[in-house]
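Let me begin by presenting the structure, written as structure tokens, before commenting on it.
Derivation of every value follows stated rules applied to the coordinates shown; laboratory data play no part. Predicted, not measured: the structure shown is a model, and the values here were computed from it. As a convention, Cβ positions derive from the backbone with ideal geometry for all residues, glycine included, and neighbour counts pool all protein chains shown.
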Amino acid sequence: MPHMNQRWCGAFLTASCWLVLGCGQRSPGRNGQSGGSLQPLPESTWALLPFEKAAGVNPVMGPDTAAFYCPVRRERVAWEVKDVFNPAMVVRDGKIWMLYRAQDSLGKPGGTSRIGLAHSSDGLHFTRLPAPVLYPDKDAQQQLEWEGGCEDPRITEDSSGTYYMTYTAFDGAKARLMVALSRDLEHWSKKGPAFATAYGGKYANAWSKSGSIVSTYTKEGRILATRIRGRYWMYWGDQYIWAATSDDLVHWTPVEMASGEVPPVTLRGEALHMPQLKIVVPTRAGYFDSDLVESGPPAMLTDKGILLIYNGRNLHASGDTSLAEGTYSGGQVLLDKEDPTKVLARMEHNFIHPDQPYEISGQVNQVCFLEGLVSLNNNWFLYYGTADSKIAVATMHP
């Protein structure tokens, strides 16, 4: 997020553990699936709140001058000298590990992105590896990844301990959702586009990104991909939020509308090229997410349903008038775990928005972009990109 041309809670966590603080801005609602009157459930029974920004340490990571040998440019490159943002998070061996997007200052469009790795014992102070762990290389994916790069990871794992990363390959013109696998977070095997084979390749070259796989968050801090009625589910997209299913976490099939079904909103942008796709979470006029919605961290399977933290972009004229034009802020939506395409409840307000200098001004102004969520030692850590320039964290202490 964003391209300028587009723009321990699992089943064991009871509802009584969930607290609510409306720390965002509230706007007038509208009736229907996309409006605030949808909710049959009070937020206090399903939303993961309250989060508080770690003001004393934020931002927890910024650009750095470390260099590595780029196999495509065939020279040493200061790979994270321009910006670092949009991290994925996991807990491993009692530490929090961050896989984050970093940009150099070379080439176009605005530098090449690579994914770096850092670790922390307290979730606030990180030690990073000197070289990126996933990046454009002279491999089978080079044409899709160069020279925009590898962007915006999300990570889950299976019961055997294999990590599955969804990330965006950007060739400078089109974003494609990709999959990579690892056993140790440092060495990754690229598996190519997530939708390469679905419907005979129908969506292989469609604009796609932001894959949030439905997972169980365990009290030990693991994020385990979890089947629902025999299949894995993923939410994806950065105009609207769509869904996809998989048998193996590598090959994904987007969910299309049933015969006679109509979209809940008028299609815009890239959605015009994919009219058959079933929109699960639409944009909402009058709200903080009036212009765009985009998946956040891996969706969380709970006793109430599937909790998806997502990012919304605001249009001042038709959205939340208390937010600046183009503001990215965070929302939450609850989906049916029997039918993951059915919305049960949705916040009427954002629960986090830009209000700090490093969130307001940067490569892209007015951005809090939520992408990584973990629990460690009974504390929740929510990591986000700030103005597409740095990384910050908000914490929750149940």
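Among (1) 68, 50, 48; (2) 73, 41, 40; (3) 57, 50, 45, which is the computed Cα extents along the principal axes in Å?
Computed from the coordinates, Cα extents along the principal axes in Å corresponds to (3).
Among the listed pairs Lys202/Lys337; Lys174/Lys278; Lys53/Lys278; Lys82/Lys278; Lys219/Lys337; Lys108/Lys278, which have their C-alpha atoms separated by more than 30 angstrom in this model?
Lys53/Lys278; Lys82/Lys278; Lys108/Lys278
Kirkwood Rh and Cα-based Rg: tell me the resulting Rg over Rh for region 175-304, rounded to two decimals.
Rg/Rh: 0.97.
Nothing charged except the Cβ atoms of Lys and Arg (+1) and of Asp and Glu (-1): what's the magnitude of the dipole of region 15-396 about its Cα centre? Round to the nearest 20 debye.
For region 15-396, the charge dipole is close to 380 debye.
Suppose only helical runs count, i.e. DSSP H with n ≥ 4. What mean residue ellipticity at 222 nm does that imply for the chain under -39500 (n - 2.57) per run, divided by all residues and rounded to the nearest 500 deg cm²/dmol? Walk me through the numbers before you get to the answer.
On the way: 2 runs with 8 residues, N = 398.
Helix-only estimate at 222 nm: -500 deg cm²/dmol.
Given R₀ = 51 Å, FRET efficiency for Thr197-Gln356 by Cβ-Cβ distance, to 0.05?
The value I calculate is 0.70.
Could you give the length gained on full extension between Ala324 and His187, defined as 0.36 nm per residue of separation minus the Cα-Cα distance, in nm? Mind showing how you got there, number by number?
On the way: separation 137, 0.36 × 137 = 49.32 nm, distance 4.07 nm.
Going from the current span to full extension adds 45.3 nm.
Relative contact order for region 15-396: what percent, with Cα pairs under 8 Å and sequence separation of 6 or more? Provide the component values of the computation, followed by the final result.
Values: 1097 pairs, mean separation 69.6, N = 382.
Rounded, it is 18 percent for region 15-396.
Counting only C-alpha contacts under 8 Å and six or more residues apart, can you give the relative contact order of region 351-398 as a whole percent? Mind showing how you got there, number by number?
On the way: 93 pairs, mean separation 15.9, N = 48.
Computed value for region 351-398: 33 percent relative contact order.
For region 264-398, what does the alpha-carbon gyration tensor say about shape, rounded, prolate or oblate, given a ≥ b ≥ c as the root eigenvalues, a/c under 1.5 as rounded, and a/b over b/c as prolate?
Oblate, since a/c reaches 1.5 and b/c is not below a/b.
For region 97-125 and region 301-325, compute the distance between their C-alpha centroids and round to whole Å.
When both Cα centres are located, 25 Å separates them.
Roughly how far apart, in whole Å, are the Cα centres of region 343-398 and region 280-296?
16
Take Asn205 and Lys219, extend 7 Å from each Cα along the Cα→Cβ direction, and tell me the distance between the two endpoints in nm.
Each label point is offset 7 Å from its Cα along the Cβ direction, giving 5.2 nm.
Evaluate 2.2 N^0.38 Å with N set to the residue count of region 165-205, then give the Cα radius of gyration divided by it.
Compared with the compact-globule rule of thumb, region 165-205 sits at 1.27.
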